[in-house]
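Scroll down for the structure; my scribbles are underneath it.
Bear in mind that the values in this text are calculations on the coordinates, not laboratory data. Since the model is a prediction, treat every value here as computed from it, not as a measurement. Cβ: placed from backbone, ideal geometry, glycine included. Neighbour counts: every protein chain shown.
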Amino acid sequence: MSNIPLLDDRLSLAASFVRDGSVVADIGTDHAYIPIYLLLTNKSKSAIAADINEGPLERARINAARYGIKEGITFCLADGLSTLPLSDAGVTDIVICGMGGELIASIIDASDYVKDPAVRLILQPMSQHAKLRKYLSECGFDIVDGGLCSAQDKLYQCIVATYTGKPYSLSQAELELGRENINAAPTPLFSEMLERLIKKTQRAIEGRRLGGLDSGELWLLLSQLNEIKKDKMI
C-alpha cells in the first residue's frame, strides 16, 4: 500500500482547492481519504473528519490508523456543521462532497461559522448544481473558483465560495454551468457538459410541448446555452 492514499479524479479535484497551511473540515467524510491525503502531503495542518453515521466514521478511523495518522484528525459524529468545534479547531477550509446541492445549501445555511470571509467552502454536489449556486448567490457567497472532472461517465462540478454578504444574480445558464466555468478557457469537459445540457433542455422542451405545457423558461435557457456555444466556438 502506498504511504499516501490515491484519490480518484472527483476527490482529487476537491482536494486541489484546499489552501496550503489550512485547517480543513471534511463533511460527509466517509473513508476520510481527503483529510488523510491533505495531512500526509502537508497541505493541511490538521483536520476534522465528520459524518452523520458511525459506520463511515469508524472506517475513517481505521484508514487513518492504516496510513499512520495517530494525531491531526478529529473524528466527529455530526449532522452538518452546527455541532462541530470549527472555531476551537481554527478551521479555514470546509469540504462538502457527495451530497445533493439542496442538502449542501441547507448545511451551509444552518451555520454562522461559514459567514466568516476568511473561511473557504469547497463544494462538490452530486446533483442540483443550479439550486446550490442560486442559494450561494442570493445569500452573499461569492463563487471564486471551480472546476470540472469526469468519473464513471458522470461529470462533476466543484464550486469554491467565500462569504461577502453581498447578494448577486446569475442567469439560468450560469446557475447550471457556473460563471467560473463559462469564463474560463474552454475544455473538452466543459464542451461535453454544455452539449449534454443543451440536449437535456431540448428534450424537456419537447416533453412539455407534447404535454401542452409552457416552456418559456426552458427556451430562455436554451437560447443562453446556444449563445455560450457560439461564443466559445464549440
Q. Within the P(r) computed for the chain, what percentage of the Cα pairs occupies the region above 27 Å?
A. 38
**Q.** Kirkwood hydrodynamic radius (C-alpha pairs) into Stokes-Einstein, region 105-223, 25 °C and 0.890 mPa s, D in µm²/s
**A.** 158
Q) Where a Cα-Cα gap under 28 Å defines reach, which lysines qualify for Lys230, not counting those fewer than 8 residues away within the same chain? A) Lys131, Lys134, Lys154, Lys199, Lys200
Q) Using helices alone, what [θ] at 222 nm do you get for the chain, with -39,500 (n - 2.57) per DSSP H run of 4 or more residues, divided over all residues and rounded to the nearest 500? A) -13000 deg cm²/dmol
Q. Mind checking which aspartates and glutamates have their C-alpha under 16 Å from Lys45, skipping anything on the same chain fewer than 8 residues away?
A. Asp20, Asp26, Glu71, Asp88, Asp93
Q) Going by how many other Cβ atoms sit within 10 Å of their own, how do Ser127, Ser169, Ser46, Ser12 line up, fewest first? A) Ser169, Ser127, Ser12, Ser46
Q: Could you please state, rounded to a whole Å, how far the C-alpha centre of region 92-129 is from the C-alpha centre of region 30-78?
A: 19
Q) Any idea what % of Cα-Cα pairs in region 93-137 are farther than 15 Å? A) 36
Q: Using only alpha carbon pairs under 8 Å that are at least six residues apart, calculate the relative contact order of the chain and give it in whole percent.
A: 15
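Neighbouring Cβ atoms within 10 Å as the yardstick, rank Phe141, Phe190, Phe75 fewest first.
Phe75, Phe190, Phe141
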Q: Run down the lysines and flag those whose C-alpha is under 19 Å from the C-alpha of Lys43, throwing out any fewer than 8 positions away in its chain.
A: Lys70
Q.
For the chain, give me the percentage of DSSP beta bridges that are antiparallel, rounded to the nearest 5 percent.
A. 35
Q: Treat region 54-109 as a sphere of radius equal to its Kirkwood radius over Cα pairs and apply Stokes-Einstein at 10 °C in a medium of 1.306 mPa s; give the translational diffusion coefficient in µm²/s, rounded to a whole number.
A: 122
(Q) Checking the a/c ratio against 1.5 first, then a/b against b/c, what shape does the Cα gyration tensor give for region 189-232? (A) oblate
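Arrange the following residues from fewest to most other Cβ atoms within 10 Å of their Cβ: Leu220, Leu194.
Leu220, Leu194
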